[in-house]
Amino acid sequence: QVQLVESGGGLVQAGGSLRLSCAASGRTLSTYTTGWFRQAPGKEREFVAAVRGSDGSTYYADSVKGRFAISRDNAKNTMYLQMNSLKPEDTAAYYCASTLGLTLTKYRGDFRSWGQGTQVTISS
């Protein structure tokens, strides 16, 4: 079982940037598809981005495409989410997650291990 710990959240103004980190232990993060989700108060947890373990292919939600970038540092066993041009509607708790599969997926049910989340707040 992999353990995931997010960091890097905070309060920034609209138009600013943040980089979230997800440090993994217990298993090599790059083996399987991993991703980021977010959950705003009163809303369902939604997919943000994913990266496939085998070849680094990525997939983004339409709402963040062109503004967010998911990446991994295999030497550090860490995944990142670079968030640029942030908007107030990006405000949410952000969670990293890992599947046990090799398919690039956006479906929450495919992700079996989750971090505790890090809060991102964007002021207008």
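The values are calculated or read from the model by the stated rules, or taken from the named source; none is laboratory data. As the structure is a prediction and not an experimental result, all values here were calculated from the model. For the accessible areas, the whole protein counts, side chains as well, though only heavy atoms, and no ligand, DNA or RNA atoms are used. Shrake-Rupley method; radii C 1.70, N 1.55, O 1.52, S 1.80 Å.
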Quick one: length gained pulling ALA75 to ARG19 fully straight, 0.36 nm per residue minus the C-alpha distance? 18.3 nm
Report, to the nearest whole %, how much of the accessible area of segment 17-123 belongs to carbon and sulfur atoms, 1.4 Å probe, protein only. 46 percent
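So, for the chain, what is the accessible surface per residue at a probe of 1.4 Å, expressed in square angstrom?
On the way: 6170 Å² over 124 residues.
Per-residue value: 50 Å².
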Relative compactness, segment 1-61, computed as alpha-carbon Rg over 2.2 N^0.38 Å: 1.28
Reduced Cα scattering model of the chain, Debye log10 I(q)/I(0), q = 0.16 Å⁻¹: -0.68
